[in-house]
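Report on the structure given below.
Every read-out reported here was derived from the displayed coordinates using simple, explicitly stated rules and does not represent laboratory data. As the structure is a computational prediction, the values presented were derived from the model and not from experiment. Here the Cβ positions follow ideal geometry from the backbone for every residue, glycine too, while neighbour counts run over all protein chains shown.
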Amino acid sequence: MPNRIFLIHGYVEDPTIFDQLVPLLPPAEYVRINLSEEFARWQPIGPINVRSLANYIAGQYNITAKDVVIGHSMGGWTAINIKEVTGATAIQLGSWTDQKKILFPTDNLTFIRFLLVTGVTQSKVFNSFFKRQYPFDESREVYNRLIDGSRQMSRPYLWQQLQTLFANVPPLTVQPDLRIHARPDNVVRYPDEPFVEVPGDHFCLVCHAEAVAKPIRELLSNRP
């Protein structure tokens, strides 16, 4: 078993996104990373990207190749970048290694920041539109809760997350040890590389936790 298993949540999520999954995984020292708290502790000055976040988390927790990092969505993007700088085992859930896989109307950070600072991103009208467009009844409650919660987040924290998603970053030289994805995911396109397909949608780790847990257990059981 690994020294520790780190859990990193996605955009506008928090560590509770893993509540259904963790009880189905082997006993271990689980470390739930709360990115809101981490950014508040870090207080980066100037632009950031996912690699600078990965370096910060790796240094803050002394992550090594003996550790495992499981990340959902943006958390999986962070996890693979932590593997890049530490050699840790990386498990991606509904995530990517190519930022072009993110299904978002634009990746132009200048425009995205304009929407944020003008209040459009957190407006009731904007968020109601996205909630109406969401196609999956199974995970609708999860999605709506996250959208509603994002309206209460500080703009600096949202901007830090958006930079983590879209800011340019040096190319990866590593690949995740395990990719888990649901094909109907409307937030992230499914990978071009081999992956374990599970039922559900972007929030398969909540609505189909056992299907997600099974390949993770298998990977961990075969790990030195």
Open item on the list: If the elastic network links every pair of Cα atoms under 10 Å, which of Ala40, Ala209, Ala65 fluctuates the most in the Gaussian network model of the chain?
Closed with: Ala40
Open item on the list: Placing +1 on the Cβ of each Lys and Arg and -1 on the Cβ of each Asp and Glu in the chain, which of Gly94, Val196, Phe130 has its Cα farthest towards the positive end of the resulting dipole?
Closed with: Phe130
Task: Ranking of Trp159, Trp77, Trp42 by count of other Cβ atoms within 10 Å, fewest first - done: Trp42, Trp159, Trp77
Open item on the list: Which one, Asp185, Asp137, Asp107, has the greatest fluctuation when you compute a Gaussian network model over the chain with C-alpha springs under 10 angstrom?
Closed with: Asp137
Task: Residues Glu197, Glu84, sorted so that the one with the fewest Cβ neighbours within 10 Å comes first - done: Glu197, Glu84
Task: Cβ-defined net charge surrounding Ala167, 12 Å radius [Lys, Arg +1; Asp, Glu -1] - done: +1
Task: Relative contact order (%) - the chain, alpha-carbon pairs under 8 angstrom, separation at least six - done: 26 percent
Open item on the list: What does the charge count around Leu219 come to, taking other residues whose C-beta lies under 13 Å from its C-beta (Lys +1, Arg +1, Asp -1, Glu -1)?
Closed with: +2
TODO: State the Cα centre-to-centre distance between segment 76-127 and segment 7-67 in whole Å.
DONE: 15 Å
Open item on the list: If neighbour count is taken as other Cβ atoms inside 10 Å, put His9, His208 in order from fewest to most.
Closed with: His208, His9
Open item on the list: Run through segment 1-65 and list the GluC sites (Glu not before Pro) located in a DSSP loop whose Cβ has at most 15 other Cβ atoms within 10 Å.
Closed with: Glu29
Task: Charge tally in the Cβ shell below 10 Å around Ala54, where Lys, Arg are +1 and Asp, Glu are -1, Ala54 excluded - done: +1
Open item on the list: Test of understanding: in a Gaussian network model of the chain with alpha carbons linked when under 10 Å, which of Ile17, Ile82, Ile45 would top the mean-square fluctuation ranking?
Closed with: Ile45
Open item on the list: At a threshold of 8 angstrom on Cα-Cα distance, excluding pairs fewer than six apart, so keeping six or more, what relative contact order does segment 1-74 reach in percent?
Closed with: 54 percent
